[in-house]
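Trainee: This is the structure I have questions about; it appears just below.
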Protein chains: 2
Amino acid sequence: MQLEHIKILGFDADDTLWNNETFFREAEAEFYNLLTDFAPKSVIEKTLFDTEMQNLERYGYGIKSFVLSMTETALNITKQELPGHITHEILELGKAMLAKPVKLLHEVEETLGKLTETHELVVATKGDLLDQQRKLRKSGLAKYFHHIEIMPDKQITDYQTMLARLNISAQNFFMTGNSIKSDVLPVLELGGYAMHVPYHTTWVYEDVHDDIQSPNFFRGKTLSDLLEIIER
Amino acid sequence: MQLEHIKILGFDADDTLWNNETFFREAEAEFYNLLTDFAPKSVIEKTLFDTEMQNLERYGYGIKSFVLSMTETALNITKQELPGHITHEILELGKAMLAKPVKLLHEVEETLGKLTETHELVVATKGDLLDQQRKLRKSGLAKYFHHIEIMPDKQITDYQTMLARLNISAQNFFMTGNSIKSDVLPVLELGGYAMHVPYHTTWVYEDVHDDIQSPNFFRGKTLSDLLEIIER
């Protein structure tokens with residue numbers, strides 16, 4: 001397939017350019033430990049997930065939302081007898097997450113450096129505005145990107161808004177990310193192109209079974225696989 | 001003064017287009033009541049403000065950040081003996097704030113309707129991405145705006161980024177808002193124009209003493225005063 005008509009390359013950020021989800025997994029494990037006297041891990045895990053889903057529209061994505069949902073979960077698990085020192089520990093978990101360093105994934109910087117010679121690159125990420133901008137700054141990658149789009153969600157309409165702002169049709173847009181649900185399906189639905197690069201851990205919410213049959217869809221092992229796809 | 005060279009009109013959102021700060025004042029009053037057995041109001045008030053300032057860079061603006069800082073304040077005030085039911089009430093205060101209706105301020109819709117015939121209008125607001133987009137949708141005002149810029153902060157550099165994205169120089173930009181600190185001073189500093197429309201209550205953090213001597217600066221009582229300034 002010829003991909004010479006691709007003008008803009010979109011990139012998810014968390015777990016595509018740098019690691020992120022592992023910090024959530026680690027914080028969850030610490031959170032379960034904090035409540036170990038009150039309920040088994042499986043119950044806390046399910047309550048946390050249910051609480052996050054109930055709060056998703058209200059709080060959106062990101063670490064602050066996660067901390068609020070952990071606190072609410074802890075209140076539920078302890079039947080509102082939550083000791084203050086545990087509330088404190090939950091806030092501290094969030095602060096530690098916000099202070100984490102940004103570690104680039106394999107071959108990310110080299111790949112972006114090459115692609116920027118031939119294409120416009122944009123970051124398309126959902127989550128907390130301040131936190132995403134902070135990570136982008138820490139990553140040192142901002143210089144490769146023409147535009148940064150921080151979206152409240154990654155539904156089809158959110159991509160439509162972004163493409164309109166970029167003044168480009170979906171047929172000229174190629175998105176790369178680690179989430180089939182957020183980075184691949186909505187873009188294919190609009191007639192664009194997408195590559196999936198899996199990360200070793202995926203939030204259950206983002207984890208969809210895929211059986212995608214589309215000539216516009218590609219699978220990669222690392223971000224650098226994009227070089228071959230785009231340039232062949 | 002002739003203002004025919006103004007091409008884009010920028011508008012702050014919270015307390016410029018719709019009411020917002022009153023919800024924070026009401027939530028603070030309820031928060032002080034929750035802790036009335038532990039400390040006098042003045043102590044809680046100061047601790048909350050100090051906590052918000054310490055967390056500003058970490059959490060940014062918005063309701064979720066406010067809830068996290070209220071929780072931290074309550075832990076400090078109670079020396080970590082914070083009862084679970086109060087933690088619950090704090091979370092509920094935040095949820096209630098997020099569910100508040102958006103009430104437009106005086107003559108806002110009529111004014112925007114007239115200005116949109118002659119100028120491009122943009123919203124330039126700081127705060128939580130999801131919450132600001134939700135309010136804009138609820139307000140019914142989105143149709144008047146060419147561009148929505150939700151900024152992590154409103155420093156000079158944030159305005160520079162926005163003006164670059166809008167492809168316009170500050171000399172052709174006129175900003176209107178209720179905060180001297182966030183909406184007026186940085187824009188004047190860049191060589192742009194600004195109108196201050198005070199709101200009846202201002203967060204202490206935004207409250208700066210002003211003694212502005214600039215031909216590019218205007219004072220309004222309501223948003224509609226902009227019509228006369230722009231069209232004269």
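Trainee: Give, as residue ranges, the strands (runs of 3 or more DSSP E) completely inside the range B:130-222 that count at least 2 residues that are closer than 30 Å to residue A:56 by Cβ.
Mentor: The strands (runs of 3 or more DSSP E) meeting that bar are B:147-151.
Trainee: Residues that are within 19 Å of residue B:82 (Cα to Cα), modelled with pLDDT of 95 or more and β-branched (Val, Ile, Thr): does the range A:88-102 have at least one?
Mentor: Yes, there is a match, as at least one residue in the range A:88-102 is within 19 Å of residue B:82 (Cα to Cα), modelled with pLDDT of 95 or more and β-branched (Val, Ile, Thr).
Trainee: Which of the residues that make up the range B:167-204 are among the hydroxyl-bearing types (Ser, Thr, Tyr), crowded, with 17+ Cβ neighbours inside 10 Å and in contact with a Gly (Cβ under 9 Å, 6 or more places away or on another chain)?
Mentor: Hit for the range B:167-204 is B:176, nothing else.
Trainee: Keeping to the range B:20-38, report how many residues are buried (at least 18 other Cβ atoms within 10 Å of the Cβ) and assigned to a loop (DSSP other than H, G, I, E, B).
Mentor: Qualifying residue count for the region: 2.
Trainee: From A:64, A:95, A:103, grab the single residue that is in contact (Cβ under 8 Å) with a residue 60 or more places away in the chain and facing chain B (nearest Cβ under 8 Å).
Mentor: A:64
Trainee: Let me ask something additional. Please identify the pairs in which a residue from the range B:75-88 that is within 8 Å of chain A (Cβ to nearest Cβ) has its Cβ atom under 7 Å from the Cβ atom of a residue that is surrounded by fewer than 19 Cβ atoms within 10 Å (Cβ to Cβ) and among the polar types (S, T, N, Q), counting only partners at least 6 apart or on another chain.
Mentor: B:84/A:78; B:84/A:80; B:85/A:80; B:88/A:80
Trainee: Going through the range A:39-51 one residue at a time, which ones are more than 23 Å from the chain's Cα centre (by Cα) and in a helix (DSSP H, G or I)?
Mentor: A:41, A:42, A:43, A:44
Trainee: Is it the case, given these coordinates, that residue A:74 is buried (at least 17 other Cβ atoms within 10 Å of the Cβ) and in the same structural domain as residue A:205 (by TED's automatic domain parsing)? Before the answer, list the steps.
Mentor: Numbers: buried (at least 17 other Cβ atoms within 10 Å of the Cβ): yes; in the same structural domain as residue A:205 (by TED's automatic domain parsing): no.
Answer is no for this residue.
Trainee: Every residue in the range B:26-50 that is out of contact with any Ser or Thr (no Cβ under 6 Å at 6 or more places or on another chain) and touching a residue at least 24 places away in the same chain (Cβ under 8 Å), please. Break it down stepwise before answering.
Mentor: Step one: of the range B:26-50, the residues out of contact with any Ser or Thr (no Cβ under 6 Å at 6 or more places or on another chain) are B:26-37, B:39-46, B:49-50.
Result: B:27, B:30, B:31, B:34, B:35, B:39, B:43, B:44, B:49.
Trainee: Among the residues of the range B:51-61, what is the count of those that are more than 9 Å from chain A (Cβ to nearest Cβ), touching a helix residue (DSSP H, G or I) at 6+ places or on another chain (Cβ under 6 Å) and free of Cβ contacts under 8 Å to residues at least 60 places away in the same chain?
Mentor: Total meeting the criteria: 1.
Trainee: Sort out which residues of the range B:1-52 are touching a Leu at 6+ places or on another chain (Cβ under 8 Å) and closer than 19 Å to residue B:67 by Cβ, and write them in order of number.
Mentor: Selection gives B:27, B:28, B:30, B:31, B:44.
Trainee: What number of residues in the range A:116-152 are surrounded by fewer than 19 Cβ atoms within 10 Å (Cβ to Cβ), at the interface with chain B (Cβ under 9 Å from one of its Cβ atoms) and either among the acidic types (Asp, Glu) or closer than 26 Å to residue A:4 by Cβ (or both)?
Mentor: Total meeting the criteria: 1.
Trainee: Right, another one. Do we find that residue A:43 is among the hydrophobic types (A, V, I, L, M, F, W, C) and within 14 Å of another protein chain (Cβ to nearest Cβ) in this structure?
Mentor: In short, no.
The values are calculated or read from the model by the stated rules, or taken from the named source; none is laboratory data. Just so we're clear, the structure is a prediction, and the values are computed from it rather than from any experiment. Cβ: placed from backbone, ideal geometry, glycine included. Neighbour counts: every protein chain shown.
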